[in-house]
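Heads up: the structure comes next, in structure tokens.
Every number in this text was worked out from the coordinates using simple rules, so none of it is lab data. Please read these numbers as outputs of a predicted model, since none were measured by experiment. In this analysis, Cβ positions are derived from the backbone assuming ideal geometry, glycine residues included, and neighbour counts consider all displayed protein chains.
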Amino acid sequence: MKYYYFHGYNSSPMAEKANAMRQVLGENNVIAPDFNLSAEEISDLFDNICDEISSSKEETCIVGSSLGGLFALYVASRVKCNVILLNPALIPIVILPKVTDNVDVSAVILVQKLSLYAYEFYEADKTTVWVTEDELINHDDLTKPYFYKGVKEYIKFPENVASKHQFTGFKDVFEKYIKNNR
């Protein structure tokens, strides 16, 4: 299986979760694009990633964290692949003001369009959602209701297993998931 990691806002392809995935799966088995781009460049990047996944014969899973969760759900909805969302920021207009006051209007428009598309076209049987007690996102109010069609798996982890928006404890949770799903 081919894995992608989509980082969140103000993060990078070298984020702790991406590195944890590389440790569990091997360095060459995780593709982590950089989303620190303009809205137009991100849109082009989505098209390229969708083409890459669609032309591959390998089964694919995208893991997306925070705003990267929205990006992951959008791409997975387009190419019909598996997706694991980590504390996803599915309604970014609510989250962005909590993390920055410097957001380009075109970026807000892009993420709102992605959110609406993903909301309509995600595949419940290919979608896994993992949430924690999160200081930025109230998942009971913003995440759970988003999935009106349900999901394959929705887990809210206790604080002693995984915590905070950064998803402390991710490596152990992911490693257990991989062992159980190989």
- Query: Given labels modelled 7 Å from the Cα in the Cβ direction, how far is it in nm from Gln23 to Ala124?
  - Reply: 3.6
- Item | Interchain or long-range residues, amide H under 5 Å from Ile62's placed H | Tyr4, Asn82, Val83, Ile84
- Message: Quick check: pseudo-label points 7 Å beyond the Cα along Cα→Cβ at Ser163 and Glu135, how many nm apart are they?
- Response: 1.1
- Message: Using 22 Å as the Cα-Cα cut-off, could you pick out the over-long pairs in Lys80/Lys113; Lys2/Lys144; Lys126/Lys176; Lys144/Lys164; Lys17/Lys176; Lys2/Lys149?
- Response: Lys2/Lys144; Lys2/Lys149
- Item | Residues with amide H under 5 Å from that of Val129, placed H, sequence gap 5 or more | Leu85, Glu153, Tyr154, Ile155
- Measuring from label point to label point, each 7 Å out along Cα→Cβ, what is the Val94 to Asp172 span in nm? 2.9
- Per-residue ellipticity at 222 nm attributable to helices in the chain (runs of n ≥ 4 DSSP H, -39500 (n - 2.57) apiece, nearest 500 deg cm²/dmol) works out to -13500 deg cm²/dmol
